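Have a look at the structure below before the remarks.
Nothing in this text is a laboratory measurement; each read-out follows from the coordinates by a stated rule. Predicted, not measured: the structure shown is a model, and the values here were computed from it. Note: ideal-geometry Cβ built from the backbone for every residue, glycine included; neighbour counts use all protein chains shown.
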Amino acid sequence: MAAETKPESRRRFRWIDLVGLIFLLGLAVLPPLTEIHKQLILVAIAVFQMIEGRLIAWLPHRGRIYSVLIKIFLATLLLQHTGTVAINSNYWPIYFLPVVTAAVYFGPLATLGWTALASLAYCFYLVPAVYIDNYEIPASGYEILAIRLVFLFSAAILINRFSIEIRRQMDRYRELSATLAESNRQLQQAQANVRRAERLAALGQLSAGLAHEIRNPLGIIKGSAEMLQQKLGASNPSAAELSGYISAEVNRLNALVSRFLDFARPSRLELKPLDLRPIFDRALEVAHHRYPQMNISVERHFANDLPPVLADEQLFEQVFVNLILNACEAMGAGAEENGAAPPDSAPNPLSAIPPKLEIRMAPESRDGLLGVTVEIADTGPGIAEDFREQIFNPFVSSKKTGVGLGLSIVAKIVDDHGGSIQLVSGPGEGARFRLFLPGAPSAVPASLTK
């Protein structure tokens, strides 16, 4: 069983490599000095030790097998040229080299297998010694051979044990590093949410004050315009028409003030366990009535095992309506009405893609809490890089006539429900929003007020 360590893609020369070369040089100056084959084999071992890391990087899986095989082959050749009888060569510890290599690269069973192969290569020299050269090997010789083999296996198991423990420690460190990185990401997200909540609170208070101050004179202006229209309707048609314009614009401003108040006032949630699918279908109907001529295909991907969520039905219908309308407008619906730029005013790499709205709902568990993840994606031009960081801030809009409260209200509602909303699409892609809503507890009252 091979170990699951990943070799370094680029191995640099280290001081331990220099130590290995010094030991090989020491073997080169020991007897037999004049044996040229011995020197060449030692040079081959030294060269292979230097390029082994590149071989492993080039062939991550087979390279380790080739490495052990080449070292067994070179060790076997070295014994043949360093003793009158190869089995009696004082260089037999060279077999520790492939054995240790196998113990570092592989698991316990594979290490035992490679050690057995090295032992067989060493014992192979018994065949020519006994059957060809007719040497008599006493019982003590076999005992010495057995002791040497036991040392090979013992070293292999011991080194493999330490190698596996080191790999386990490295895996634990990697897992800890990944956990810390995820915790750091969550902390940064929490800090961003806190900063956003503080900004929303401050802007909410300001908006509430301004809205109340504006609504009072608006009521006086509208009442005065209606009185003028009643008194001058027959005698002065132009004045009546102008007073009608005043009333219409006051109504529009009143609606805008109402949105400010919706954003500013604390939410009073009527919470109950809900299935989000019918709420989403109603939101789609609202969007269709808003833009009946839109030619946008809708793809639904709803899981069958969605848990109910504890939510305010009316507010979440508003959340879905806002997100769907934004997606439809991004794909060209109501372009003239909302003041968006015409499609040919700026290059859009997604313009060749047919307008499509994709909705996904699936169960998800976060921090041990089961909930529902909702994704709403469109094939529009996406969110510009300048707006991505502040897309949920109030008064931020890419529309010429937009107020910039739609996504702010959506984020506020989701936050009030203990959920989260993120823009997960990359630059140059259509917008994709991901919502997570915690599931309802097993037993919950039919209606709660927050």
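Add +1 for every Lys or Arg and -1 for every Asp or Glu among the other residues with Cβ under 12 Å from the Cβ of Val374, and state the total.
Net of charged neighbours comes to +2.
At a Cα cut-off below 16 Å, give the aspartates and glutamates reachable from Lys222, other chains included and same-chain residues fewer than 8 away excluded.
Within the straight-line limit of under 16 Å, Lys222 reaches these aspartates and glutamates: Glu213, Glu241, Glu249.
Ordered by packing density, taken as the mean number of other Cβ atoms within 10 Å over each peptide's residues, highest first, how do 322-332, 176-186 rank?
322-332, 176-186
Starting from 0.36 nm per residue, how many nanometres of slack lie between Ala44 and Ala146 once their C-alpha separation is accounted for? Intermediate values should be presented prior to the final figure.
Details: separation 102, 0.36 × 102 = 36.72 nm, distance 2.88 nm.
Roughly 33.8 nm would be gained on extension.
What length, rounded to one decimal in nm, is gained on full extension from Glu35 through to Ala116, with 0.36 nm per residue of separation minus their alpha-carbon distance?
Values: separation 81, 0.36 × 81 = 29.16 nm, distance 2.90 nm.
My answer for the length gained is 26.3 nm.
If packing is taken as the mean number of other Cβ atoms within 10 Å per residue, what is the order of 432-438, 188-194, highest first?
Working: 432-438: 20.6, 188-194: 11.1.
Ranking, from highest mean packing down: 432-438, 188-194.
Could you order the peptides 280-287, 28-35 from most to least packed, using the average number of other C-beta atoms within 10 Å per residue? Spell out each step's value before the answer.
Details: 280-287: 17.5, 28-35: 10.5.
Descending mean neighbour count gives 280-287, 28-35.
Counting other C-beta atoms within 10 Å, and keeping those with at most 15, which DSSP coil trypsin sites (Lys or Arg not before Pro) do you find in the stretch 36-96?
none
If you plug each phi of the stretch 169-174 into the Karplus form 6.51 cos²θ - 1.76 cosθ + 1.60 with θ = phi - 60°, what whole-Hz ³J(HN,Hα) values come out, in order, with x for Gly and Pro?
Using θ = phi - 60°, the values come out as 4, 5, 5, 5, 5, 5 Hz.
Could you pull out every one of the aspartates and glutamates with an alpha carbon less than 18 Å from that of Lys412, ignoring same-chain neighbours closer than 8 positions?
Lys412 reaches Glu198, Asp262, Glu270, Asp312, Glu313, Glu317, Glu375, Glu389.
Hey, if you put +1 on the Cβ of every Lys and Arg and -1 on every Asp and Glu Cβ in the stretch 15-179, which of Gln80, Thr34, Pro98 ends up farthest toward the positive end of that dipole?
Pro98
Round to the nearest 0.05 the FRET efficiency obtained for Asp367 and Ile65 when R0 = 35 Å and r is the Cβ-Cβ distance.
Numbers: r = 44 Å, r/R0 = 1.26.
Working from the Cβ atoms, E equals 0.20.
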